[in-house]
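These notes are about the structure you will find just below.
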Amino acid sequence: MQKEKHLELNRQWWKEGIVYQIYPRSFQDTSGNGIGDLRGIIKRLDYIKSLGVDIIWLNPVYESPNDDNGYDISDYRSIMKEFGTMADFDELLAGMKERGLRLVMDLVVNHSSDEHRWFQESRKSRANPYRDYYHWWPAEKGIPPKRWSFFDVESNAWKYDQQTDAYYLHCFSVKQPDLKWENPKLREEIYDLMRFWFDKGVDGFRMDVISFISKDTDFPKLPEKYNGEFIPFYANGPKLHDYLLEMNQKVLSQYDVMTVGEAPGVHIDEALQFVNEDRNELNMFFHFDLMSLDRETGETFMMQKEPWKLTEFKKIHSDWDGVFANKGWGSMYLNNHDFPRSVSRWGNDSKTHWYNSATMLQTFLLTMRGTPYFYYGEEIGMTNIKFETLSDYRDINTINRAETIRQQGGNLEAFIENEKDASRDNARTPMQWDSSENAGFSVENPWISVNGNCREGINVAAQEADTHSVLNYFRKMVQLRKSHLTLIYGEYQLLLPENEQVYAYTRSLEKECYLILLSFSEDRATVHFDEMSGTQAKLLISNDDANTRVDNGTFEVRPYQAMVYKLF
Ligand code: NOJ
């Protein structure tokens with residue numbers, strides 16, 4: 001019986017697992033240089049296990065000159081010196097296996113570092129055997145058609161290289177040249193390095209900007225009417241699915257591993273082309289619809305626009321759930337190393353509402369269909385730091401954009417204001433372990449400032465000791481998901497789509513049904529469901545003491561309250 005159900009649901013460990021993302025630079029320093037390291041993660045493995053999560057996703061830990069904090073890799077098979085050694089890595093992996101934790105690494109293969117041996121060779125001469133590992137545009141063809149670069153001060157993705165009188169392509173920083181996937185030799189190199197990590201026992205990859213790997217190598221001119229919407233010209237290139245299929249056949253299918261692609265520019269209509277099981281490409285991907293909700297589109301993507309609405313938030317999640325209802329599988333996230341802290345962005349980090357907001361958002365991720373991804377510190381409700389001055393920032397994105405604005409005589413003040421809420425560094429401040437000077441992260445000055453609210457209860461030590469903490473709520477909520485298969489696989493149904501205060505939905509599987517009520521509002525709300533009069537409901541968890549069911553169909557919901565009911 002159990003087996004039958006198993007087959008029917010297409011159960012998989014990566015569907016049932018909960019992911020905990022670690023930005024290693026900011027998690028725990030043990031060497032005393034102010035930078036997190038692998039031994040720091042080893043030291044905290046028991047803590048991670050105690051959360052109840054199953055899978056750790058590690059941001060890049062490979063050798064790198066750190067132009068973009070490890071997303072510029074100079075050697076795919078060695079560990080960044082600041083983070084430790086391969087022996088440390090092996091010990092970390094062994095420690096994880098002992099505790100039943102799985103490891104997902106970051107695979108960054110749209111580009112390498114310009115300090116990678118391949119690029120060093122490639123730029124030497126036009127006849128070099130590595131020339132075709134990158135995209136070169138010979139200068140005699142004239143200036144290459146405009147391509148926008150994320151981190152380039154001139155926003156220009158073509159960099160002239162005198163040595164061979166040619167331009168190379170870099171969609172990200174000038175130190176991140178794009179790899180040429182059109183070259184089969186390059187693809188084999190990548191498959192080989194993937195095998196290297198899988199053979200060590202790594203359980204999967206999160207694939208950086210994987211939607212960008214295939215390009216129209218003629219680099220046609222952008223259309224006249226081009227309005228800064230560059231992503232469609234970068235994502236979903238003509239050979240993308242051929243490459244993913246080949247990667248799956250040659251590597252992924254040979255191992256029991258999970259894959260999640262980062263997929264900017266992938267539209268909801270194209271989703272199943274990536275993750276439909278029958279196509280054998282990826283297991284999951286991260287879409288950007290939610291992350292773009294309160295942002296401008298195009299070249300000014302990181303700039304905020306008017307506040308988002310709960311009805312839009314619900315629609316995005318409901319639409320995406322619908323796509324994966326029968327095929328494929330979703331991934332649920334509210335923040336990561338590229339976006340501000342979830343409680344500050346989607347909740348309310350004021351003293352009054354912080355606790356309810358942080359736990360309500362946890363409840364959301366843990367009651368939706370799709371694998372939930374939590375970012376370190378989310379379990380204790382870490383918030384945006386909101387830096388006052390540019391000199392506080394470490395991120396190439398903020399620093400270089402500020403320089404662009406300065407050079408163009410733009411409004412730098414407005415940009416600094418924007419970054420207080422939008423910058424990536426908001427999410428990169430050190431993990432808050434305790435209330436000591438550097439929050440227990442390091443004995444030295446950290447590479448980026450610690451958020452002072454580590455002294456106001458937002459730290460692990462204080463929350464361990466408090467049964468009513470965000471941390472302990474997280475643990476309870478994790479166990480609730482794990483002990484209810486319906487919360488993982490059950491059908492999702494949105495209720496009250498027009499309500500701007502409360503997000504209400506049910507999850508049901510066979511005869512079991514759960515009602516989830518989540519307030520995204522500072523005000524109290526009353527919601528009514530006709531269909532529930534005559535239904536019994538048992539409250540399984542709430543982040544607020546009050547059980548606010550007024551009668552069978554009516555509920556009063558407090559600000560940022562979360563409730564999970566079992567319906568009979
Ligand atoms: C996406 C990563 O998440 C981000 O941190 C990085 O800067 C770019 N890709 C370039 O690798």
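The values are calculated or read from the model by the stated rules, or taken from the named source; none is laboratory data. Nothing here was measured: the structure is a model prediction, and the numbers come from that model. Cβ placement follows ideal geometry from the backbone for every residue including glycine, while neighbour counts extend to all protein chains displayed. Ligands, DNA and RNA are excluded from the accessible area calculation, which covers all protein heavy atoms including side chains. Shrake-Rupley method; radii C 1.70, N 1.55, O 1.52, S 1.80 Å.
Values computed for the structure shown
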quantity: Computed lengthening from ASP192 to ASN33, 0.36 nm per intervening residue step minus Cα-Cα distance; calculated: 53.9 nm
quantity: Table column - 3J(HN,Hα) (Hz), region 104-110, Karplus curve with 6.51, -1.76, 1.60, x for Gly and Pro; calculated: 10, 9, 8, 10, 10, 10, 6
quantity: Approximate spin-label separation LEU245-GLU500, in nm, with each point projected 7 Å along Cα-to-Cβ; calculated: 4.7
quantity: Of all accessible heavy-atom area on the chain, the percent that carbon and sulfur account for (1.4 Å); calculated: 47
quantity: Cα long-axis angle, helix 86-98 against the chain (0 to 90 degrees, to the nearest 10); calculated: 20
quantity: Which listed pairs, of LYS309/LYS386; LYS81/LYS239; LYS43/LYS200; LYS215/LYS305; LYS97/LYS420, have C-alpha distances above 32 Å, in listed order; calculated: LYS81/LYS239; LYS97/LYS420
quantity: Added length on full extension, which subtracts the Cα-Cα distance from 0.36 nm per residue, ARG117 to ASN445; calculated: 114.8 nm
quantity: Computed label-point distance, nm, for sites LYS420 and GLU296 using a 7 Å Cα→Cβ extension; calculated: 1.9
quantity: Contour excess over end-to-end distance, with Cα ends at GLU306 and LEU222 and 0.36 nm allotted per residue; calculated: 27.4 nm
quantity: Average accessible area per residue (Å²) across region 267-338 - probe 1.4 Å, nucleic acids and ligands excluded; calculated: 40
quantity: Alpha-carbon centroids, region 248-280 and region 7-50: separation in whole Å; calculated: 23
quantity: Positive-end residue of VAL502, SER436, THR486, charge dipole of region 405-509 with Cβ unit charges; calculated: THR486
quantity: Degrees, to the nearest 10: 396-407 long Cα axis against longest axis of the chain; calculated: 70
quantity: Nearby aspartates and glutamates by direct alpha-carbon distance to LYS146 (threshold 14 angstrom, same-chain neighbours under 8 apart not counted); calculated: GLU154, ASP216, ASP218, GLU224, GLU229, GLU299
quantity: Ordering of 475-488, 401-414 by burial proxy (mean other Cβ atoms within 10 Å per residue, highest first); calculated: 475-488, 401-414
quantity: Solvent-accessible area per residue, Å², over region 509-568 with all protein chains present [probe radius 1.4 Å]; calculated: 48
